[in-house]
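Enquirer: Dropping a structure here in structure tokens format, bear with me for questions.
The values are calculated or read from the model by the stated rules, or taken from the named source; none is laboratory data. All values reported here derive from a predicted model rather than from experimental measurement. Cβ atoms come from the backbone with ideal geometry, glycine included; neighbour counts cover every protein chain shown. Surface areas here come from the heavy atoms of the whole protein model, side chains and all, with no ligands, DNA or RNA. Shrake-Rupley method; radii C 1.70, N 1.55, O 1.52, S 1.80 Å.
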Amino acid sequence: MALITKIREKSGIAAAAIAISLILFLVGSDIFQGRSSLFGSNNQEVGVISGESILLPEFQKKVEEATANYTAQTGKGPGEQEATMIRDQVWNQYILDIAYKKEFDALGLKVSSEELIDMVQGNNIHPSVRQQFTNPQTGQFDKTFVIQFLKNLKTMPVQQQQGWANFEKSIAQDRIRAKYENLIRLSTYVNTAEAQKEYQAQNSKFSARFLYVPFFSIPDSSIKVSDAQLEEYLAKHKDRFKGVNSRSIQYATFPVVPTAQDTVEFYNQIKKLAKDLAVAPNDSAFAMLNSDVRTPYLLAYSEIPEVVKSQLGTFQVGGIYGPFKNGLTYSIYKYGGVKKDSLFTVRASHILIAPANKSDSAKAQAKQRAESILTQIKGGASFETLAQLNGMDGTAQNGGDLGYFKNNGSMTKAFEKAIFGFNGAGLMPGVVETEFGYHIVKITDAKTNTAYRLAAINKTIAPSQATLDRVYTQADAFANANGTLGAFEAALKKDKNIIMMRADRLLENATSINNLTNAREIVRWAFDESTSIGDGSKKVFEQDNQYIVAYLTGKTDKDNVKVDDYREGITNLVRAELKGEKITAKLSAIKGSLEQIAQKYGAGALVENVSDVTLSTGMLNTAGPDAVALGKIAGLKTGKRSQVFTGDNGVFIAEKTAAVAAPALADYTTYKSQIQSMGIQRASYYINEAIKDNAKIVDKRYKFY
């Protein structure tokens, strides 16, 4: 997803910091004031970053300021999801200001005043500046807008001047972080031996015969695993089982469903609205005022719901159509005809092949690979399948689908020019080159600038207040009658109509539970120090369309990992070990050919053959891509048989029957580039994780929000 996000020119580097600063710049306020010098007790501690305590008063002050700025910017207060996003942005800014800054300062990284000027009004404009100062007439960045703004800055209110200072600070932090990440990436070096090893893994082939006894051939019920064995396994593999603070719950859900009477009243309301919409002098305004979910009056074809598109060809100007159902929302439309928009909309898919680096040879290799893929598609290969196998951005998993987009600068210029310069739908004949690499493109819905006038009233069927009160009373009575987990389990046995749900290992800052959105109140209850395992909530939690009564069933502690935290996973691993030992002992006592051993072993033993297998993509028939077995077989001498050994999912005896070594190459640059590219792609993630681990971040926001 990162690369396509960049194509849409929404930089992912320090996005949280820049987003906050942009809001401040626009509305004129200062989130990032100095840290409070007051010290509070631990019960006021929101978190700790690199040993520095973050106290609730200062954190809440920044959250309130960011919330006020959001409200001024959008014209409405934040919902629960937006409020969570704002708190995350403020928290991320603390991490950047404390943990990241220590790393930057240790290396002496900084942005000079000359560099900052270049980012704002020079030859290397920062994407955030470019986005802010776009000419609305041309849709292009206009440097004169920046220069004019800066000339007038001193005459602007102090708050706006401070907002601009904060914006410059954030893009400077963005640049420093980019320098740091690039420095780490450039330290990644791949030598010829590594490249040669990768080449051999991809191109050397072997054939083999092997006896395989899968673990699943032995029933789990026949292998008893003791707590002592689980404790011993955990002690030996502590590094594989990291501790987390989590809670597990069960809960009863009481759905609030509209009754038959509620439905009748709703349909009567829809019918009346349809009649009123038909004669309304200003249909678009009437629709807006009477909709639960507002939609624009002018819609591009791509923005029209599919169920409406299917009947759009039958619409007559002035006609009323619907209701169309989408979930619990019903929509009626008054059709006002079409008009031509100034912007075109298109839907396309792409396969991005990015060069390993900026060298000419790397670009040439990437282009050659892209053209090869294009040739395969022209020959009848599936575009979507090749996108999944070869695409180098987040769209690959969706077959390269970019969805609908307009020629409004949301895509990088070269890409947009090529797409909107193409007429009709289908595969574009050549690859498209951009600063991100080479794109194979298929237009899936041809460009159009037709807009449709559709005054839409969208109403969501909802239960009446009487229905809400009735279900709440039922849930409240249940909570009072079943105050403990034991009582809840007994109630479940008595009444099979009770809907029970389970949520395991909830994290402290979780905002949702299964399909329950905005579930912070339940999570905070589960993590409250006064809530013990076996406790019921003794209160009813309200959700949009249901009431919840919760019970705490388990806890895990970050600093005290126990077998119960990973019981199922550890049990499976120990059971597999015991099965491996049992199978190995039985096989080791049998002599003869593979077929003879399999026959004497009995049910579960398989003898299979594989040909022309490589280490990098090898499959061993029933055993699948067993890495241990592939390595063992590849290491055998041709004609030799292995001892009994345990693989990932079963036990083997293998014979290597043939081997074809890959011919030596004079130049392993391609394979160096492959390894280097993979390292670069992972570098940013590893850098961020390393900094956060080193900062020993303790996040206690869950106690307060």
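Enquirer: Of the residues in segment 640-682, how many are in contact with an Asp or Glu (Cβ under 7 Å, 6 or more places away or on another chain) and among the aliphatic types (A, V, I, L, M)?
Expert: Matching residues across segment 640-682 total 1.
Enquirer: Another question about this same structure. Quick one: which residue in Arg247, Arg240 is open to solvent by 50 Å² or more (accessible area, probe 1.4 Å) and either of a type outside the set (S, T, N, Q) or within 39 Å of the chain's Cα centre (by Cα) (or both)? Give the steps one after another, and end with the answer.
Expert: On the way: Arg247 fails: open to solvent by 50 Å² or more (accessible area, probe 1.4 Å).
Going through Arg247, Arg240 in turn, just one is open to solvent by 50 Å² or more (accessible area, probe 1.4 Å) and either of a type outside the set (S, T, N, Q) or within 39 Å of the chain's Cα centre (by Cα) (or both): Arg240.
Enquirer: Conditions first: (1) modelled with pLDDT of 95 or more; (2) surrounded by fewer than 20 Cβ atoms within 10 Å (Cβ to Cβ); (3) of a type in the set (A, V, I, L, M, F, W, C). Phe541 passes all but one, so which condition is the exception?
Expert: (2)
Enquirer: Can you give me the number of residues within segment 215-228 that are under 15 Å from Val628 (Cβ atoms) and surrounded by fewer than 18 Cβ atoms within 10 Å (Cβ to Cβ)? Lay out the reasoning, then the answer.
Expert: So the first thing to find is which residues in segment 215-228 are under 15 Å from Val628 (Cβ atoms), and the list is 215.
With the extra rule that they be surrounded by fewer than 18 Cβ atoms within 10 Å (Cβ to Cβ), the set shrinks to none.
Final tally of qualifying residues: 0.
Enquirer: What number of residues within segment 256-276 are open to solvent by less than 30 Å² (accessible area, probe 1.4 Å) and not acidic (Asp, Glu)? Before you say what the answer is, go through the steps one by one.
Expert: The first filter runs over segment 256-276 and keeps only residues open to solvent by less than 30 Å² (accessible area, probe 1.4 Å), leaving 256, 262, 266, 270, 273-274.
If we keep only those that are not acidic (Asp, Glu) too, we end up with 256, 266, 270, 273-274.
Of the residues in that region, 5 qualify.
Enquirer: How about segment 555-577: which of its residues are modelled with pLDDT of 95 or more and either within 28 Å of the chain's Cα centre (by Cα) or in a strand (DSSP E or B) (or both)?
Expert: Residues of segment 555-577 modelled with pLDDT of 95 or more: 570-577.
Within segment 555-577, Ile570 is the sole residue that qualifies.
Enquirer: OK, next. Within segment 344-392, how many residues are in contact (Cβ under 8 Å) with a residue 40 or more places away in the chain, polar (S, T, N, Q) and over 30 Å from Ala451 (Cβ atoms)?
Expert: Of the residues in segment 344-392, 3 are in contact (Cβ under 8 Å) with a residue 40 or more places away in the chain, polar (S, T, N, Q) and over 30 Å from Ala451 (Cβ atoms).
Enquirer: Right, here's the next one. Which pairs do you get when a residue that is in contact (Cβ under 8 Å) with a residue 60 or more places away in the chain, found in segment 463-476, comes within reach of a residue that is assigned to a helix (DSSP H, G or I) and of a type in the set (Asp, Glu), reach meaning Cβ atoms under 7 angstrom, with the pair 6+ apart or on two chains?
Expert: Pro463/Asp262; Ser464/Asp262; Thr467/Asp262
Enquirer: On to the next question. Given the condition under 19 Å from Asn482 (Cβ atoms), among the acidic types (Asp, Glu), in contact with a strand residue (DSSP E or B) (Cβ under 9 Å, 6 or more places away or on another chain) and at pLDDT 90 or above, answer yes or no: does some residue in segment 519-530 qualify?
Expert: Checking segment 519-530: not a single residue is under 19 Å from Asn482 (Cβ atoms), among the acidic types (Asp, Glu), in contact with a strand residue (DSSP E or B) (Cβ under 9 Å, 6 or more places away or on another chain) and at pLDDT 90 or above.
Enquirer: Now for a different question. Restricting the search to segment 595-612, which residues are surrounded by fewer than 19 Cβ atoms within 10 Å (Cβ to Cβ) and outside any helix (DSSP H, G or I)?
Expert: Gly602, Ala603, Gly604, Leu606, Val607, Glu608, Asn609, Ser611, Asp612
Enquirer: Residue by residue through segment 316-371, note down the ones that are closer than 30 Å to Lys275 by Cβ, open to solvent by 50 Å² or more (accessible area, probe 1.4 Å) and assigned to a loop (DSSP other than H, G, I, E, B).
Expert: Gln316, Val317, Leu328
Enquirer: Separate question: Regarding segment 647-658, can at least one residue be identified that is small (Gly, Ala, Ser), closer than 29 Å to Tyr199 by Cβ and open to solvent by 30 Å² or more (accessible area, probe 1.4 Å)?
Expert: Looking only at segment 647-658, we keep the residues that are small (Gly, Ala, Ser), and these are 647, 650, 654, 658.
With the extra rule that they be closer than 29 Å to Tyr199 by Cβ, the set shrinks to 647, 654, 658.
Now drop any that are not open to solvent by 30 Å² or more (accessible area, probe 1.4 Å), which leaves 658.
Yes - at least one qualifying residue is present in segment 647-658.
Enquirer: Restricting to segment 372-418, what's the tally of residues that are closer than 26 Å to Asp341 by Cβ, open to solvent by less than 20 Å² (accessible area, probe 1.4 Å) and assigned to a helix (DSSP H, G or I)?
Expert: Residues that pass the stated criteria total 1.
Enquirer: Select from segment 294-315 the residues that are in a helix (DSSP H, G or I), aliphatic (A, V, I, L, M) and open to solvent by less than 50 Å² (accessible area, probe 1.4 Å) and list them in ascending order. It would help to see each step written out before you state the result.
Expert: So in segment 294-315, the residues in a helix (DSSP H, G or I) come out as 301-303, 306-309, 312-314.
Of the ones still in play, those that are also aliphatic (A, V, I, L, M) are 307-308, 312.
Residues satisfying the conditions are Val308, Leu312.
Yes/no matrix, rows are residues, columns are (1) among the small types (Gly, Ala, Ser); (2) more than 20 Å from Asn166 (Cα to Cα):
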| residue | (1), (2) |
| --- | --- |
| Gln81 | no, yes |
| Ala99 | yes, no |
| Lys102 | no, no |
| Leu107 | no, yes |
| Leu116 | no, no |
| His126 | no, no |
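Enquirer: Does Thr467 satisfy being in a helix (DSSP H, G or I), farther than 30 Å from Gln89 by Cβ, modelled with pLDDT of 95 or more and not hydrophobic (A, V, I, L, M, F, W, C)? Don't jump to the end; show me each part of the working.
Expert: On the way: in a helix (DSSP H, G or I): yes; farther than 30 Å from Gln89 by Cβ: yes; modelled with pLDDT of 95 or more: no; not hydrophobic (A, V, I, L, M, F, W, C): yes.
Against the criterion (in a helix (DSSP H, G or I), farther than 30 Å from Gln89 by Cβ, modelled with pLDDT of 95 or more and not hydrophobic (A, V, I, L, M, F, W, C)), Thr467 does not qualify.
Enquirer: Within segment 613-642, which residues are β-branched (Val, Ile, Thr) and in a helix (DSSP H, G or I)? Don't jump to the end; show me each part of the working.
Expert: First, the residues of segment 613-642 that are β-branched (Val, Ile, Thr): 613-614, 617, 622, 628, 633, 638.
Result: Thr622, Val628, Ile633.
Enquirer: Turning to a different aspect of this structure: Could you pull out the residue among Thr460, Thr448 that is β-branched (Val, Ile, Thr), open to solvent by 50 Å² or more (accessible area, probe 1.4 Å), closer than 20 Å to Ile304 by Cα and modelled with pLDDT under 95? Working first, answer last.
Expert: Details: Thr448 fails: open to solvent by 50 Å² or more (accessible area, probe 1.4 Å).
Answer to the check: Thr460.
Enquirer: Of the conditions (1) open to solvent by 30 Å² or more (accessible area, probe 1.4 Å); (2) in a helix (DSSP H, G or I), Leu587 satisfies every one except a single condition; which number is it?
Expert: Here Leu587 clears every test but (1).
Enquirer: May I pose another question? Is there a residue being surrounded by 17 or more Cβ atoms within 10 Å (Cβ to Cβ) and under 29 Å from the mean Cα position of the chain (by Cα) anywhere in segment 424-433?
Expert: Within segment 424-433, the first condition is being surrounded by 17 or more Cβ atoms within 10 Å (Cβ to Cβ), and the residues that meet it are 428, 431-432.
If we keep only those that are under 29 Å from the mean Cα position of the chain (by Cα) too, we end up with 431-432.
Yes, the conditions are met somewhere in segment 424-433.
Enquirer: Just for segment 171-210: of the residues that are of a type in the set (Ser, Thr, Tyr) and farther than 20 Å from Lys110 by Cβ, which one is surrounded by the most Cβ atoms within 10 Å (Cβ to Cβ)?
Expert: Our first condition is that a residue be of a type in the set (Ser, Thr, Tyr); within segment 171-210, this holds for 180, 187-189, 192, 199, 204, 207.
Imposing the further condition that a residue be farther than 20 Å from Lys110 by Cβ reduces the set to 188-189, 192, 199, 204, 207.
Numbers: Thr188: 13, Tyr189: 10, Thr192: 12, Tyr199: 20, Ser204: 17, Ser207: 17.
Checking each candidate, the answer is Tyr199.
Enquirer: Hey, another quick one. Within segment 645-654, is even one residue of a type in the set (Asp, Glu), under 28 Å from Leu573 (Cα atoms) and not in a loop (DSSP other than H, G, I, E, B)? Spell out the reasoning first.
Expert: Taking segment 645-654 first, the residues of a type in the set (Asp, Glu) are 648.
Still in the list and also under 28 Å from Leu573 (Cα atoms): 648.
Next, from what is left, pick out any that are not in a loop (DSSP other than H, G, I, E, B): none.
For segment 645-654, residues of a type in the set (Asp, Glu), under 28 Å from Leu573 (Cα atoms) and not in a loop (DSSP other than H, G, I, E, B): absent.
Enquirer: Something else about it: Among the residues of segment 479-532, which ones are of a type outside the set (S, T, N, Q), open to solvent by less than 40 Å² (accessible area, probe 1.4 Å) and part of a loop (DSSP other than H, G, I, E, B)?
Expert: Result: Gly483, Ile498, Glu508, Ala510, Ala519.
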